[in-house]
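Note sheet for the following structure.
The values are calculated or read from the model by the stated rules, or taken from the named source; none is laboratory data. Owing to the predicted nature of the structure, the values given are computational and were not obtained by experimental measurement. Methodologically, a virtual Cβ is constructed for each residue, glycine included, from the backbone with ideal geometry; neighbour enumeration extends over all protein chains shown.
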Amino acid sequence: MYPLLTVNLPHLRENVRVMRELCASHGIEITAVTKVFGADPQIAKVLTDGGIKILCDSRVANLKNLKDLPAEKWLIRPPMLSEVPDLVQYADASLNSEIAVIRAIDEEAGRQGRRHKIILMADLGDIREGYVDYDELVAVSREVESLPHVDMYGVGVNLTCFSFIQYDTEKLSQLVKIRDRVANAVGHEIPVISGGNSAAIYLMLHNGIPKGVNTLRLGESVLFGRERSHYTYLPGTYNDVFMLDCEIVELKYKPSLPWGTVGVDSYGKKPEFIDRGPHRLKAICALGKQDFDVETTATVDPDIYLLGASSDHLMIDVTDSRETYHVGDVIRLRLGYFSTMRAFTSKYVTKQYIECSSK
């Protein structure tokens, strides 16, 4: 059974309700990101049952899991040419920055007798995906409009994921201007301005998102109740939707510092250790980097320390805990974004869904 990932569905439902109401009060519709939980249909259904009308993922393989849910589906990573047939079959729209791919999408949509919606991405400083030449983006929009099986649907931007450039009113106003140029170029309204991710929530709360931006691609804020620019939790949300239980397989007193010549880790860096004394009670749990991410994980017991992990061992200092631990006991961890993503990817982590709710 262990390691065991539990998903609190009632708490997720409340997060969906709170975030939908909050975003709606600012004229924003949620495009819910499903990649964190591998597009698990049982979790995604909570989102659609809660009124979310658009689901998005970075992998076509995940979008296949969502095919029976009543929502529009977007691919939010620029499509690979090799996946265009599946893209057209399982996605209604995609975020694009290469005209060669868009042409292939158009041809495949014709073969399948389908239509596909195109959102063109603008790079506003994060130097990840998108056009830096906005004249080129407008020119591409004209060609998209001329193609018979795709629709010029929107423009979008992504920030804070690579260079961690922050959202601000000026950048999003520039995106609105790009949308206006595209609309003039193609001769009709462009319905979607996809203004970014959970790092834009703080700007939204301070009324900094300009009129016209009408959707955000949200994962962390809906699933964990946290905005990403200042890493603050949002009132009325839960941060315990995803919890991970791991079992203690060794419990011994050991010094806090290793002895011998310290080498480098798998990344070529020398590890550093905090000297908490020569006699510390340390637990090893059957869990590792293959199953979760140490840096985005916190312990529920506030008096124990995550010391680090190798591929399949988690080291914890339990010396100062008020709890008494034994071999075979379970330690509970509160997962963040990347830790949850890794846990859902690991075949060694058991998943369990709970319907009971408690504060």
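Collect the residues in the stretch 90-121 that are farther than 24 Å from residue 70 by Cα and either outside the structural domain of residue 181 (by TED's automatic domain parsing) or in contact with a Gly (Cβ under 9 Å, 6 or more places away or on another chain) (or both), keeping them in residue-number order.
Across the stretch 90-121, the qualifying residues are 97, 120, 121.
If the Cβ limit is 6 Å and pairs must be 6+ apart or interchain, which residue in the stretch 149-168 that is β-branched (Val, Ile, Thr) pairs with which residue that is modelled with pLDDT under 95 and part of a strand (DSSP E or B)?
If the second residue must be modelled with pLDDT under 95 and part of a strand (DSSP E or B), no pairs are left.
I want to confirm something. Restricting to the stretch 129-159 and keeping residues that are of a type in the set (Phe, Trp, Tyr) and not in a helix (DSSP H, G or I), which single residue is nearest to residue 78 (Cα to Cα)?
Initially, the stretch 129-159 is screened for residues of a type in the set (Phe, Trp, Tyr), giving 131, 134, 153.
So of that shortlist, the ones also not in a helix (DSSP H, G or I) come out as 131, 153.
Details: 131: 12, 153: 15 Å.
Result: 131.
List pairs: first in the stretch 39-63 and touching a residue at least 40 places away in the same chain (Cβ under 8 Å), second of a type in the set (D, E, K, R), Cβ under 6 Å, 6+ apart or cross-chain?
Qualifying pairs under 6 Å: 54/72; 56/217.
Is it the case that the stretch 192-204 has a residue that's surrounded by fewer than 20 Cβ atoms within 10 Å (Cβ to Cβ) and in contact (Cβ under 8 Å) with a residue 40 or more places away in the chain? Outline the logic, then answer.
So in the stretch 192-204, the residues surrounded by fewer than 20 Cβ atoms within 10 Å (Cβ to Cβ) come out as 202.
Among the residues that remain, those that are also in contact (Cβ under 8 Å) with a residue 40 or more places away in the chain are: none.
No: the stretch 192-204 contains no residue that is surrounded by fewer than 20 Cβ atoms within 10 Å (Cβ to Cβ) and in contact (Cβ under 8 Å) with a residue 40 or more places away in the chain.
Pick from 54, 28: which is crowded, with 17+ Cβ neighbours inside 10 Å and under 23 Å from residue 208 (Cα atoms)?
28
Could you tell me whether any residue of the stretch 160-170 is farther than 30 Å from residue 205 by Cα, in contact with a helix residue (DSSP H, G or I) (Cβ under 7 Å, 6 or more places away or on another chain) and either assigned to a loop (DSSP other than H, G, I, E, B) or not acidic (Asp, Glu) (or both)?
no
Please go through the stretch 31-40 and give me each residue that is within 18 Å of residue 93 (Cα to Cα), aliphatic (A, V, I, L, M) and either outside any strand (DSSP E or B) or not assigned by TED's automatic domain parsing to the domain that holds residue 214 (or both), ordered by number. Talk me through it step by step, then tell me what you get.
Restricting attention to the stretch 31-40, the residues satisfying the condition of being within 18 Å of residue 93 (Cα to Cα) are 31-35, 39.
Next cut, aliphatic (A, V, I, L, M) only: 32-33, 39.
39, the sole residue that qualifies.
Only one of 289, 252 is closer than 27 Å to residue 221 by Cα, basic (Lys, Arg) and either out of contact with any helix residue (DSSP H, G or I) (no Cβ under 8 Å at 6 or more places or on another chain) or not assigned by TED's automatic domain parsing to the domain that holds residue 14 (or both). Can you tell me which?
Only one candidate passes the filter, namely 289.
Give just the number: which of (1) buried (at least 21 other Cβ atoms within 10 Å of the Cβ); (2) farther than 24 Å from residue 193 by Cβ; (3) free of Cβ contacts under 8 Å to residues at least 40 places away in the same chain; (4) not small (Gly, Ala, Ser) does residue 17 not satisfy?
For residue 17, the exception is condition (1).
Would you confirm whether or not the stretch 128-150 contains a residue that is modelled with pLDDT of 95 or more, buried (at least 19 other Cβ atoms within 10 Å of the Cβ), farther than 11 Å from residue 97 by Cα and touching a strand residue (DSSP E or B) at 6+ places or on another chain (Cβ under 6 Å)?
The answer is yes, given that some residue of the stretch 128-150 is modelled with pLDDT of 95 or more, buried (at least 19 other Cβ atoms within 10 Å of the Cβ), farther than 11 Å from residue 97 by Cα and touching a strand residue (DSSP E or B) at 6+ places or on another chain (Cβ under 6 Å).
Just give me the residues in the stretch 119-178 being farther than 24 Å from residue 189 by Cβ and small (Gly, Ala, Ser), in sequence order.
Scanning the stretch 119-178 gives 125, 163.
In the stretch 41-72, which residue that is assigned to a strand (DSSP E or B) and charged (D, E, K, R) is nearest to residue 11 (Cα to Cα)?
Here the answer is 57.
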